1. Amide H of Ala8 versus every other amide H placed in the peptide plane: which residues, excluding those fewer than 5 positions away on the same chain, fall under 5 Å?
2. Just the Kirkwood number for the chain, please: inverse of mean 1/r across all distinct Cα pairs, in Å, one decimal.
3. Quick check on the exposure proxy: order Met107, Met56 from fewest to most C-beta atoms within 10 angstrom.
4. For n ≥ 4 DSSP H runs only, could you compute -39500 (n - 2.57) per run for the chain, divide by its residues and tell me the 222 nm figure to the nearest 500?
5. Quick check on the chain: of the DSSP beta bridges with both residues there, what percent are antiparallel, nearest 5%?
6. Taking the chain as a Gaussian network, Cα atoms linked when under 10 Å apart, which of Gly173, Gly90, Gly149 shows the biggest mean-square fluctuation?
7. For Val96, what residues show an amide H to amide H distance below 5 Å, using hydrogens built from the backbone and excluding near sequence neighbours?
8. Return the sequence-ordered ³J(HN,Hα) values of the range 156-168 in whole Hz as given by the Karplus equation 6.51 cos²θ - 1.76 cosθ + 1.60 applied to θ = phi - 60°, using x for Gly and Pro.
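Every read-out reported here was derived from the displayed coordinates using simple, explicitly stated rules and does not represent laboratory data. What you are looking at is a predicted structure, and each value in this text was computed from that prediction instead of being measured. Cβ atoms come from the backbone with ideal geometry, glycine included; neighbour counts cover every protein chain shown.
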Amino acid sequence: MKTQYYTAATLDGFIATEDDSLEWLFPLGDIGATSYPAFIKDIGALAMGAHTYEWMLRHAIKPGTGDGEPWPYEQPAWVFTSRRLPPVPGADIRFVKGDVRPVHEEMAKAADGRNLWIVGGGDLAGQFHDAGLLDELIVQVASVTLGAGKPLLPRNITSPPLRLTSVRMFGPGFAELRYDLPVPTSGPHGEGR
């Protein structure tokens, strides 16, 4: 079982604009033509932050409008939030706050040996990294720049550095980079796995 942060980012390292828009991403290609279909088959549980969840509600699910899509995940999802957010009927969504470590334990039990996906945002992925719980970064680097926005992984990871394990090209719009993440030896929590 691995805990993976799988996401798309601009060439200059942003996963969304400053106002949480992903409009830059959609013209670049079909998600079905990337590694996502194979990736999601191995996922047993996922976690996301409140901004990611709210973006999904506004742009995909669109509750109450009659023209939204169904919740896209069969796996249980943990949403980190300090606010009350609306649930999606029929979806296995668990609202949590605080330390990622006990949530990671719950996710691992629910995943039953399958991988865990940290959907986003970057700071949530960073919290899993700080706790020594993030194993792999898989980033679809897009052929656009934003100049500013929400960073891919707002952490200083230099010693030891990430270890590049593979590079793949998906059409003219994406280069997929896969990295193993080192277990932090010090940081906000000063502990590893």
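1. Amide H neighbours of Ala8: Gln140.
2. Numbers: mean 1/r = 0.0580 Å⁻¹.
That comes to 17.3 Å for the chain.
3. Working: Met107 26, Met56 21.
Ranking Met107, Met56 by Cβ neighbours within 10 Å, fewest first, gives Met56, Met107.
4. Details: 4 runs with 34 residues, N = 193.
That calculation yields -5000 deg cm²/dmol at 222 nm.
5. On the way: 16 of 39 bridges.
Bridges in the chain that DSSP calls antiparallel: roughly 40 percent.
6. Result for the chain, Cα springs under 10 Å: Gly90 fluctuates most.
7. Under 5 Å from the amide H of Val96 lie the amide H atoms of Val79, Phe80, Thr81, each far enough along the sequence or on another chain.
8. Working through the residues one at a time gives 9, 10, 10, 9, x, x, 4, 10, 5, 10, 6, 9, 9 Hz.
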